[in-house]
Amino acid sequence: MTISPPKLKVGQIAYFVHLHLDTVTLFDKQGRQKDCSWYKVEGKRRPMIVQGEPVLEREVWWYRVVPLTSKPGKGRTRVGRIVDPEKVSYAIHDVQRMPECLFDGHGTLMAELDPIGLANITKTILVLAQGGRLP
C-alpha cells in the first residue's frame with residue numbers, strides 16, 4: 001500500500017475537525033469487523049497552525065498543531081489577525097496531534113506564517129507551558 005505524501009507544511013494555517021470527546025456515543029456495537037465497535041462523536045472545524053513536520057504512524061500522517069481561537073483568556077497568546085481580518089486570533093497553549101483524516105481539506109487552507117512568526121508563537125507556547133514567564 002502506498003501512503004501519499006502529506007498535504008500540509010509547517011507554518012500553514014488550516015482547518016481541522018476538533019472532536020468533542022464528551023459527546024461520544026456508541027453507534028454500532030458490532031462494527032464492520034470482529035471485535036470492533038463504532039462510535040459517534042460531535043466535532044467542529046477549528047483553525048490550527050501546523051507546527052511540526054508530519055509523522056507517519058500506522059499508515060496515518062499525524063500533524064503537530066496549535067489551535068487558534070478568537071477569544072482571549074488565560075493560556076492564550078495574541079497572534080494578530082491571521083485567520084479573519086475582522087478578528088484578532090489567539091494561539092491556545094495546548095499543542096495537539098491531529099491525524100490527517102481530521103484535516104478539512106475542502107479549500108480551507110487559509111494562510112502561511114512566516115518562519116519568524118511561527119518561531120515566536122512556538123517559543124511563547126513552550127516557555128509558558130513550562131511555567132516560565134515572558135519578558
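Throughout, read-outs are computed from the coordinates displayed, never taken from laboratory work. Keep in mind that what you see is a predicted model, and the values were worked out from it rather than measured. Cβ placement follows ideal geometry from the backbone for every residue including glycine, while neighbour counts extend to all protein chains displayed.
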- Task: Just rank His20, His93, fewest to most, by other beta-carbon atoms within 10 angstrom.
- Result: His20, His93
- Which listed pairs, of Lys74/Lys123; Lys7/Lys44; Lys40/Lys71; Lys40/Lys87; Lys44/Lys87; Lys9/Lys123, have C-alpha distances above 23 Å, in listed order: Lys40/Lys71; Lys40/Lys87
